[in-house]
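Q: Quick one: structure below, then a few questions.
FYI, it's all coordinate maths here, none of it is from the lab. Here the structure is a predicted model, which is why all the values come from computation and not from measurement. Don't worry about glycine lacking a Cβ; one is built from the backbone with ideal geometry, like all the others, and counts go over all protein chains shown.
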Amino acid sequence: MRSWTVVRNASLLGFADRVPYLLVDVELAEQPGLRMVAQLLEGPETVVHVDDPVLVTFEDIDEEFSIPAFTLAGGSTANRTTSPTPDGSIR
């Protein structure tokens, strides 16, 4: 994981019911230099760190459409919480 942000205002149609959500920027280990941005499914309260490993999964939007998403690799995050930085971003 390279960076992240909590989305609090949906700018895309169909995502208004999902806010707030954690959006992460990930560089794929399988192809250095290739980056993906997607939702981290653990949620906006999760504490994340640069270089946290993630796993890709696919979230079914409906019967015909799925989108890539990420989960943290290596276990449960039930007790993790966010900590805002001085600029208001979540780290």
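Q: Taking every pair of Cα atoms in region 3-72, average 1/r, invert it to obtain the Kirkwood radius, and report Rg/Rh to two decimals. Mind showing how you got there, number by number?
A: Working: Rg = 12.4 Å, Rh = 12.8 Å.
Computed over Cα atoms, the ratio is 0.96.
Q: Considering only the other residues whose Cβ falls under 13 Å of the Cβ of PHE70, what net charge follows from Lys and Arg at +1 and Asp and Glu at -1? Intermediate results must be reported in sequence, preceding the final value.
A: Values: positive: ARG2, ARG35; negative: ASP25, GLU27, GLU42, ASP52, GLU59.
Result for the neighbourhood of PHE70: -3.
Q: For Cα pairs less than 8 Å apart in space and 6+ apart in sequence, what is the mean separation divided by the residue count of region 3-72, i.e. the relative contact order in percent? Before the final figure, lay out each step's value.
A: On the way: 104 pairs, mean separation 16.7, N = 70.
Worked out over region 3-72, it gives 24 percent.
Q: Report the label-to-label distance for SER66 and LEU23 in nanometres (one decimal), using points 7 Å from each Cα along the Cα→Cβ vector.
A: 2.3
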